[in-house]
Amino acid sequence: MADGSSETKSSNQMWGGRFASGPDAIMEEINASIGFDKKLYAQDIRGSIAHATMLAHQGIISADDKDKIVHGLNTILSEIESGAFEFSRRLEDIHMNVEARLASLIGPAAGRLHTARSRNDQVALDFRLWVKEELQKTEKALTALIAAFLDRAEEHADTVMPGFTHLQTAQPVTFGHHCMAYVEMFGRDRSRVRHAIEHMDESPIGAAALAGTGFPIDRHMTAKALGFREPTRNSIDTVSDRDFALEFLSIASIAATHLSRLAEEIVIWSTPQFGFIRLSDAFSTGSSIMPQKKNPDAAELVRAKTGRINGSLVALLTVMKGLPLAYSKDMQEDKEQVFDAAESLELAIAAMTGMVRDMTVRADRMKAAAGSGYSTATDLADWLVREAGLPFRDAHHVTGRAIALAEQKGCDLADLSLADLQSINAAITEKVFDVLTVEASVASRTSFGGTAPAEVRKQIAWWRARN
């Protein structure tokens, strides 16, 4: 007895304090997924109702059993949504938790529900339904963000600001034009979302474990009932495919990158050194010791979410990279990454939509900065090509000399006298001053997709017709 107790104690110490029962406890811990896949309860029940209805329609189970199953499943749905349902780790996952409760509610009829299906195609269905619904929510969220930018772009189609390359002043643009750049970015994200929904719009249920089933099921019926375009076409691929999850994470990573770039600009623009925008207290925090501080924490946290989302993509790519066909238990590790990324992306888009609508644009600071750094230099070079007939490379050289003279005099290009400019090139006339202001520079950029206010308004109108 003493020896046995000592051996048991030693064994338990080897496994660690958390696993008091030894190897069996470890297996239960690593195998259970109910802690996170209970999020799929609505999809699991919806899929089971569609499956049972099809089985009865095909004469595989009786109509009476089908009615009992559907009633029992709806009861379970109500229990879960009310918080009365007790999830059990011993039952591993959402599928077995629902099935066990169904058996306790309706008896032997519950055992007929799993006819002609496997947990492999069941989980593929549940997860695919969840991701599809999440993509639909993401599409709506992106549409709201685009609408916020369209409103700000219209409001500021004439507001001049510096355009940057290398974060150095390059050429004047309008804030409306800058906003429309993000409309294009998030529009591409929304397009990717729509394509992903189309790619994954196939029903997995009926593929069974990996080979299909000998029962006379109607997969087109269940596909239609569940809102899919059609059933999947290869049972092996069906149960081993997680492309839809990877595609969601890829889209989320790209969208998060766009959100992060915008967040970075908001952080920069809200500094006293730039002062282009102000965020209200709703999206800022103060400092614990510096009363003058107003920190753009919401933007910073949106920027940080990108790391989590990118990590989720890399994690699932790594899980999937070495799996032979068909299903492997490794694929249980697919959901937490997607759930976390979806939550992060949803919050980040909502926060950014709020900030875009909330921020106060300081047009005076933008305009003052727009003329810094000789931002109309290209306009002078273009004028020399267009009006004086110089080759562009020569015009570039003349403009460089004009900038050097302005630096020497401590003034902007527009403040040089005509005599100053003609001392560099005699072909320059009084008309050159028509292009050296930031307003004139912006107004001249009338090429398709350019920053001219009239062109910006055309692009806003095009997007409003499609948003």
Review point. Which ones in segment 148-167 are modelled with pLDDT of 95 or more and open to solvent by 30 Å² or more (accessible area, probe 1.4 Å)?
Key: Asp151, Glu154, Glu155, Asp158
Exercise for review: Within segment 385-399, identify whether any single residue is farther than 18 Å from Asp415 by Cα, touching an Asp or Glu at 6+ places or on another chain (Cβ under 8 Å) and not aromatic (Phe, Trp, Tyr), and answer yes or no.
Suggested key: yes
Point to revise | Flag if Thr318 is at pLDDT 90 or above, open to solvent by 40 Å² or more (accessible area, probe 1.4 Å), under 30 Å from Glu29 (Cβ atoms) and not charged (D, E, K, R) | key: yes
Check your understanding: Which one of these is farther than 30 Å from Glu139 by Cα, out of contact with any His (no Cβ under 9 Å at 6 or more places or on another chain), open to solvent by 80 Å² or more (accessible area, probe 1.4 Å) and among the acidic types (Asp, Glu): Asp415, Asp420?
Key -> Asp415
Practice item. Considering only segment 49-70, state which residues are assigned to a helix (DSSP H, G or I) and under 15 Å from Ile106 (Cα atoms). Key: Ile49, Ala52, Ala63, Asp64, Asp65, Lys66, Asp67, Lys68, Ile69, Val70
**Study point:** Condition check for Arg46: under 36 Å from the mean Cα position of the chain (by Cα), crowded, with 16+ Cβ neighbours inside 10 Å and in a loop (DSSP other than H, G, I, E, B)
**Key:** no
Review point. Tally time: how many residues in segment 366-389 are of a type in the set (A, V, I, L, M), farther than 15 Å from Leu421 by Cα and out of contact with any Phe, Trp or Tyr (no Cβ under 7 Å at 6 or more places or on another chain)?
Key: 3
Study note, to complete from the structure: Matching residues in segment 76-98 (outside any helix (DSSP H, G or I), touching a residue at least 60 places away in the same chain (Cβ under 8 Å) and open to solvent by less than 40 Å² (accessible area, probe 1.4 Å)) number 1
Point to revise | Matching residues in segment 426-459 - criterion: being open to solvent by less than 30 Å² (accessible area, probe 1.4 Å), modelled with pLDDT under 90 and either of a type in the set (A, V, I, L, M) or over 20 Å from Gly371 (Cβ atoms) (or both) | key: Ile428, Val432, Val435, Leu436, Val438, Ala440
Review point. Does segment 105-126 hold any residues that are open to solvent by 50 Å² or more (accessible area, probe 1.4 Å) and in a helix (DSSP H, G or I), and which are they?
Key: Leu105, Pro108, Gly111, Arg112, Arg119
**Study point:** Which listed residue is assigned to a helix (DSSP H, G or I) and at pLDDT 90 or above, from Gly354, Gly373
**Key:** Gly354
Exercise for review: State which residue is least open to solvent (accessible area, probe 1.4 Å) when the search covers only segment 325-373 and only residues that are of a type in the set (Ser, Thr, Tyr) and either touching a strand residue (DSSP E or B) at 6+ places or on another chain (Cβ under 8 Å) or under 21 Å from Arg261 (Cβ atoms) (or both).
Suggested key: Ser344
**Study point:** Single unsatisfied condition, Ala377 versus (1) touching a residue at least 60 places away in the same chain (Cβ under 8 Å); (2) surrounded by 17 or more Cβ atoms within 10 Å (Cβ to Cβ)
**Key:** (1)
Revision key, fill the gap. Heads up, the helices (runs of 4 or more DSSP H) in segment 168-249 (entirely inside) with at least 2 residues that are surrounded by fewer than 24 Cβ atoms within 10 Å (Cβ to Cβ) and in contact with a strand residue (DSSP E or B) (Cβ under 7 Å, 6 or more places away or on another chain) are 219-225
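Conditions tested, residue by residue: (1) modelled with pLDDT under 95; (2) in contact with a Pro (Cβ under 8 Å, 6 or more places away or on another chain); (3) at negative phi.
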| position | (1), (2), (3) |
| --- | --- |
| Gly72 | no, no, yes |
| Thr75 | no, no, yes |
| Glu81 | no, no, yes |
| Glu92 | yes, no, no |
| Asp121 | no, yes, yes |
| Phe127 | no, no, yes |
| Lys137 | no, no, yes |
Practice item. Name the residue, out of Thr451, Thr446, that is in contact with a His (Cβ under 6 Å, 6 or more places away or on another chain), part of a loop (DSSP other than H, G, I, E, B) and within 30 Å of Phe186 (Cα to Cα). Key: Thr451
Revision key, fill the gap. From the option list Ile428, Ile424, Ile460, single residue qualifying as under 14 Å from Gly176 (Cα atoms) and among the aliphatic types (A, V, I, L, M) is Ile460
**Study point:** Positions within segment 257-275 being farther than 13 Å from Met185 by Cβ and surrounded by fewer than 21 Cβ atoms within 10 Å (Cβ to Cβ), in sequence order
**Key:** Glu264, Val267, Ile268, Thr271, Pro272, Gln273, Phe274, Gly275
**Study point:** Unique match (being in a helix (DSSP H, G or I), closer than 29 Å to Asp237 by Cβ, touching a Gly at 6+ places or on another chain (Cβ under 8 Å) and touching a residue at least 24 places away in the same chain (Cβ under 8 Å)) among Leu73, Leu129, Leu135, Leu102
**Key:** Leu129
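Return a yes/no flag: does segment 283-296 have any residue that is open to solvent by 50 Å² or more (accessible area, probe 1.4 Å) and assigned to a helix (DSSP H, G or I).
no
The values are calculated or read from the model by the stated rules, or taken from the named source; none is laboratory data. In this text, all values refer to a predicted model and were calculated from it rather than measured experimentally. Please note: Cβ atoms are built from the backbone with ideal geometry, for glycine as well, and neighbour counts cover all protein chains shown. What goes into the accessible areas is simple: the full protein's heavy atoms, side chains included, and nothing from ligands, DNA or RNA. Shrake-Rupley method; radii C 1.70, N 1.55, O 1.52, S 1.80 Å.
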